[in-house]
Amino acid sequence: MSFAIESGLSPAQIAALEEQIQRILPAGYKRFLSQYNGFYVAAPFYCNVPFDRVDNGDIDLTCFFGYEVSNKNHDLLAINEAGPMWTFVSGGNRLYTVF
């Protein structure tokens with residue numbers, strides 16, 4: 001499995017993000033942004049992460065969003081400004097909406 005990782009953010013960039021979204025980010029997410037500023041699974045395009053609080057016991061993970069990243073599909077602000085991107089049915093009757 002291959003991951004693509006962005007360069008970390010400076011404290012000033014994190015403060016600018018918080019100002020733009022008018023929210024204070026959790027300390028753990030700020031640390032993540034300062035070290036990695038998001039990542040995505042490059043090959044294959046997702047991975048399964050064990051999570052016992054969902055029906056089938058795992059979730060499909062494609063990315064953790066960053067700020068001002070090269071791929072706008074993985075940018076926290078760009079993806080939220082775009083609104084819902086698509087909805088599809090997969091794995092039986094499960095409905096997924098990607099925002």
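The values are calculated or read from the model by the stated rules, or taken from the named source; none is laboratory data. Because the structure is a prediction, the values reported are computed rather than measured. Because the Cβ atoms are built from the backbone with ideal geometry, glycine has one as well, and the counts that use them run over all protein chains shown. Accessible surface is based on the protein model in full, side chains and every heavy atom, while ligands, DNA and RNA are left aside. Shrake-Rupley method; radii C 1.70, N 1.55, O 1.52, S 1.80 Å.
Here are a few things to note about the model shown:
- Heavy-atom accessible area ranking, 1.4 Å probe, most first, across Val54, Val69: Val54, Val69
- Peptide packing: for 27-34, 55-62, the average count of neighbouring Cβ atoms within 10 Å per residue gives the ranking 27-34, 55-62, highest mean first.
- Taking a ≥ b ≥ c as the square roots of the eigenvalues of the Cα gyration tensor, the stretch 1-61 is classed as oblate, since a/c reaches at least 1.5 and a/b does not exceed b/c.
- The stretch 1-55, accessible area per residue, ligands and nucleic acids excluded (1.4 Å, Å²): 72 Å²
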